[in-house]
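Accompanying notes for the structure given below.
The values are calculated or read from the model by the stated rules, or taken from the named source; none is laboratory data. Quantities reported herein were computed from a predicted structural model and do not represent experimental measurements. Note: ideal-geometry Cβ built from the backbone for every residue, glycine included; neighbour counts use all protein chains shown.
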Amino acid sequence: MIESVLGDTAVTVFTVIGAVGLLIVLTTLVVGELLDGLFGALDVDIGGGVFSAPVIGSFLAAFGFGAALIMTSTRADATVGALGGLASGVVVGGLALVMMRTLMRMPTDETVTTRGLEGTPGVVITAVPAQGYGEVTIRHHGEQRKYNAMADEDLPAGTRVEVTAVLSPSAVVVAPVASPSGPATVTPPDA
């Protein structure tokens, strides 16, 4: 049936289809979501991601190269090659779909921002002069971070402080805190 349409060029046609699919996958890796925007217009809401560029490219590559491989290795006709290519395309495209869905649903940590930093304790690591800048370390969202710090009074290195305001993503205003369990200064960590 397919031989009547493609004739002796069936292997070449299937190889070109596979190359186009591979090109789509490689282009998606290089330019990211550009192709997904084009293929996203085709998404008919059959379960998110079915018509994404990686899935379509994987299907076409496996279909084309699979059909060409079956035809050249078994001397099968184009119809058998196309059916075998279709089966390999469905399997590889399905695997790509499962991987895409898994990646899209993967939980990620919250982006670390300075929002909510007020009230967070820290330690002065570079002395903060009154109305000047020094440095503090603050544990925020599980990460030890260093910030430029201003204060209303001189704060020597090792002083325990609390953030009273956020000036920018890298600068805060701090005030000393009196710790009921110990001195107001500690040995600052290595920065």
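Some points to look at:
- Across segment 3-42, the qualifying residues are those that are of a type in the set (A, V, I, L, M) and at pLDDT below 70, and the one among them that is surrounded by the most Cβ atoms within 10 Å (Cβ to Cβ) is Leu35.
- Meeting the requirement of 1 or more residues that are modelled with pLDDT under 95, in the same structural domain as Pro176 (by TED's automatic domain parsing) and within 13 Å of Val177 (Cα to Cα), the strands (runs of 3 or more DSSP E) wholly within segment 104-166 are 121-126.
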